[in-house]
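Single-structure report; data block below.
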Amino acid sequence: MEMIDKAGTAEADPFAWYRANLAGQIDRLDLGHAPCGFFRLRTRDGDLLPVAVWQEDGVRWAKVGANDPTCLAEGEQEFCERVITFCWRTPITEEVYFAVTEDGAPWPDLPPERTTDYANMPSDPLEALRIELEGERIEAEAWLATPITDQAGADRAANWALRFADMEKRAQEGRRTEKVPHEKAAKEVDARWRPVQDTAAALKARLKDAQTPFLVEKRRREAEERAAAAQAGEVIRPAANAAAGTAGRKTSLRTVRSALIEDFDAALMALKDNPEIRELVQRLANRVAASGAALPGTRIVTTDKAA
């Protein structure tokens with residue numbers, strides 16, 4: 001805290017802009033002017049470098065990463081264009097700056113560095129990804145055992161989730177790639193067999209439909225004959241279901257029951273406690289609520305969820 005503490009005793013605090021930036025109160029940068037403060041710079045290679053800008057005897061100095069301090073008495077504008085322009089939106093606390101630069105601590109908002117030796121990974125991409133995932137899973141689950149209580153922890157969780165999202169994407173792409181030849185082969189098999197199967201199924205259905213009028217009439221006649229025999233006092237043989245076919249499985253009449261809804265509201269009330277109806281109504285109500293409206297008998301419930 002030495003830099004800020006000393007600056008705070010000055011008549012004009014050069015770290016005032018930085019403090020406001022940390023508090024999220026700054027939305028623009030005065031180009032050409034290097035503000036005092038502590039920042040993190042992401043290089044083109046993806047490396048993260050700590051940046052410090054401070055003032056001594058009215059002269060500004062800067063330090064980027066492990067480089068030696070640089071006097072900004074000349075070249076301040078060039079330094080702003082090269083460094084400050086790309087890091088002023090990511091201020092860090094003075095504690096974090098010195099923890100990283102002097103104590104060698106990792107960035108508190110980033111997941112731990114990967115320790116897997118990728119040079120010795122299996123040649124099978126699935127096995128390689130499985131090993132990578134397992135190492136990350138163990139560390140992530142151990143870290144998740146402690147609730148998140150600060151911004152750095154929330155940032156670390158978000159950044160770590162990106163790493164798992166990358167593994168998820170690679171697994172999805174690998175699965176799709178491996179499925180392509182199998183799906184193509186399956187479609188080719190379907191294309192060869194489906195026409196014959198569909199034609200046979202259609203003719204089977206037509207032949208069964210063609211029997212129905214005859215079998216219905218046959219059952220009617222047999223019912224009349226049994227009624228006449230009963231009236232005449234004759235012995236009545238057991239009723240046999242009208243059937244057709246002598247080679248293998250027979251076709252017989254089957255009574256199919258279906259509902260004709262005559263009063264929709266009454267039918268709906270009778271089914272209102274059915275789990276399937278409740279699940280359907282909940283799904284439809286959620287869809288309406290997602291659009292910002294509420295159905296009669298419902299209210300919109302908002303739930304905050306990290307996404």
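The values are calculated or read from the model by the stated rules, or taken from the named source; none is laboratory data. Being a predicted model, the structure only gives us computed values, none of them experimental. No Cβ is skipped: glycine too gets one built from the backbone with ideal geometry, and neighbour counts run over all protein chains shown. Keep in mind that these areas ignore ligands, DNA and RNA; they rest on the heavy atoms of the full protein, side chains included. Shrake-Rupley method; radii C 1.70, N 1.55, O 1.52, S 1.80 Å.
Ignoring ligands, DNA and RNA, what percent of the 1.4 Å accessible area of the chain is carbon and sulfur? The partial results should precede the final answer.
Values: 12680 of 23350 Å².
Ligands and nucleic acids excluded, carbon and sulfur reach 54 percent.
Using alpha carbon coordinates only, what is the Rg to Rh ratio of the chain, with Rh defined as the Kirkwood radius? Walk me through the numbers before you get to the answer.
Numbers: Rg = 38.6 Å, Rh = 29.2 Å.
Checking Rg against Rh, the ratio lands at 1.32.
Calculate the FRET efficiency for A239 and F214 from the Cβ-Cβ distance with a Förster distance of 25 Å, rounded to the nearest 0.05.
Details: r = 17 Å, r/R0 = 0.70.
The calculated FRET efficiency here is 0.90.
Where does the charge balance sit around F79 when Lys and Arg score +1, Asp and Glu -1, over other residues with C-beta under 12 Å from its C-beta? If you can, show how the numbers build up before the last one.
Details: positive: R60, K63, R82; negative: E74, E76, E78, E81.
Summing Lys and Arg as +1 and Asp and Glu as -1 gives -1.
Mind checking the dipole of the range 226-288: about its Cα centre, +1 per Lys or Arg Cβ, -1 per Asp or Glu Cβ, Debye to the nearest 20?
Details: 10 positive and 7 negative charges, 93 e Å.
Charge dipole, the range 226-288, about its Cα centre: 440 debye, nearest 20.
Could you work out, for the range 110-181, what percent of all Cα-Cα pairs fall into each 5 Å distance bin, beginning at 0 Å and stopping at the bin that holds the largest distance?
Histogram of Cα-Cα distances, whole percents per bin: 3, 14, 22, 22, 16, 11, 7, 4, 1, 0.
H33 to E224: extension gain in nm, 0.36 nm per residue of separation minus the Cα-Cα distance?
Numbers: separation 191, 0.36 × 191 = 68.76 nm, distance 10.71 nm.
Stretched fully, the H33-E224 segment lengthens by 58.0 nm.
Counting C-alpha atoms alone, how compact is the range 37-188: give Rg to one decimal and Dmax as a whole number, in angstrom.
In Å, with Rg to one decimal and Dmax whole: 21.6, 80.
Using DSSP H assignments, which helices in the chain have an axial alpha-carbon span of 20 Å or above and a mean Kyte-Doolittle hydropathy of -1.0 or higher? Don't skip to the answer; put the middle values down first.
Numbers: long enough: 125-144 (28 Å, -0.17); 151-231 (94 Å, -1.09); 275-290 (22 Å, -0.20).
For the chain, where a helix must reach 20 Å along its axis and average at least -1.0, the hits are 125-144, 275-290.
When the dipole is taken about the Cα centre of the chain, and only Lys, Arg (+1) and Asp, Glu (-1) are charged at their Cβ, what size is it in debye, to the nearest 20?
On the way: 43 positive and 52 negative charges, 761 e Å.
Charge dipole of the chain: 3660 debye, to the nearest 20.
Averaged per residue, what accessible surface does the chain expose to a 1.4 Å probe, in Å²? Walk me through the numbers before you get to the answer.
Numbers: 23350 Å² over 307 residues.
In whole numbers, the chain has 76 Å² accessible per residue.
Once amide H atoms are built 1.01 Å from N in the peptide plane, which residues 5 or more positions from T90, or in another chain, come under 5 Å H to H?
For T90, the qualifying residues are R40.
Along the charge dipole of the chain, pointing to its positive end and built from +1/-1 on Cβ of Lys, Arg, Asp and Glu, which listed residue (V180, V235, V100) has its Cα farthest out?
It is V235, whose Cα lies furthest towards the positive end.
For a test of the definition: using alpha carbon positions, the gyration tensor, and the 1.5 limit on a/c, classify the range 28-70 as rounded, prolate or oblate.
Numbers: a/c = 2.68, a/b = 1.42, b/c = 1.89.
Oblate, since a/c reaches 1.5 and b/c is not below a/b.
Over the range 161-260, what number does the Rg to Rh ratio reach, with both radii from the alpha-carbon atoms and Rh per Kirkwood?
Working: Rg = 27.7 Å, Rh = 19.6 Å.
Reported Rg/Rh, Kirkwood definition of Rh: 1.41.
Can you give the extra length, in nm with one decimal, that the chain gains between R254 and R283 once fully stretched, where that is 0.36 nm per residue apart less the Cα-Cα distance?
Numbers: separation 29, 0.36 × 29 = 10.44 nm, distance 3.63 nm.
Taking R254 through R283 to full extension adds about 6.8 nm, to one decimal.
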